[in-house]
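Chemist: Dropping the structure in here first, questions after.
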Amino acid sequence: MLSSLFNSSTVPVLEQVVNFTEARHGVLAGNIANIDTPGYKTRDISPALFQKRLKEAVQYRREATQSPTYAQPYDIAGAQLAGRSARVSSAMGRDGMKEVRESVKSILYHDDSNVSIEQQVTEISKNQAQHNMAVSLMTAQFRLLRAAITERA
């Protein structure tokens, strides 16, 4: 009963966001740690791919719980969805500015590295904001659950 209470809330989704931001923070911190390493190429975990997979998992969970043939729970951690990744909306069109943003990321400096301290700090700041938001929302969810369990407002 308690697991179904958690699974019906946003806690599993927020948990995955927190896990992702923690992992990404480690990768971005490694980029900054290697800023003076000649030839070092930056690494990153794609937030866009994570968000796409998370959206697919949430949609799958929503469809599965509404379906009368709900047979197995889906691990929202981002396991590959059979046939669901092709459901990308073509109505969004092509983002022309994305190509410009991607070209800036591939600039090589005099020591053959592509590490920009400004870019890495910006990405860490955005990642930290996303992490803090997920933790705050999760804390609020736990407060609501505690209030519901103890029957206090």
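Chemist: Can you give the extra length, in nm with one decimal, that the chain gains between residue 118 and residue 34 once fully stretched, where that is 0.36 nm per residue apart less the Cα-Cα distance?
Modeler: 28.8 nm
Chemist: What list of ³J(HN,Hα) values in whole Hz, one per residue of the range 15-25 in order, does the Karplus curve 6.51 cos²θ - 1.76 cosθ + 1.60 (θ = phi - 60°) give from phi, with Gly and Pro shown as x?
Modeler: Each residue's phi maps through the Karplus curve to give 4, 5, 5, 4, 4, 5, 5, 5, 5, 5, 4 Hz.
Chemist: Taking 0.36 nm per residue of separation and subtracting the Cα-Cα distance, what length does fully extending residue 139 through residue 49 add?
Modeler: Between residue 139 and residue 49, full extension yields 29.8 nm more.
Chemist: Using a simple spin-label model with points 7 Å from Cα along the Cα→Cβ vector, what separation in nm is obtained for residue 64 and residue 129?
Modeler: About 3.3 nm separates the two model spin labels.
Chemist: How far, in nm, would the chain grow between residue 10 and residue 25 when pulled straight, counting 0.36 nm per residue and subtracting the alpha carbon separation?
Modeler: Length difference between fully extended and current span is 3.2 nm.
Rule-based calculations on the coordinates, nothing more; no lab input. None of the values given here were measured: they were computed from a predicted structure. Counting neighbours? That spans all protein chains shown, and the Cβs are built from the backbone with ideal geometry, glycine included.
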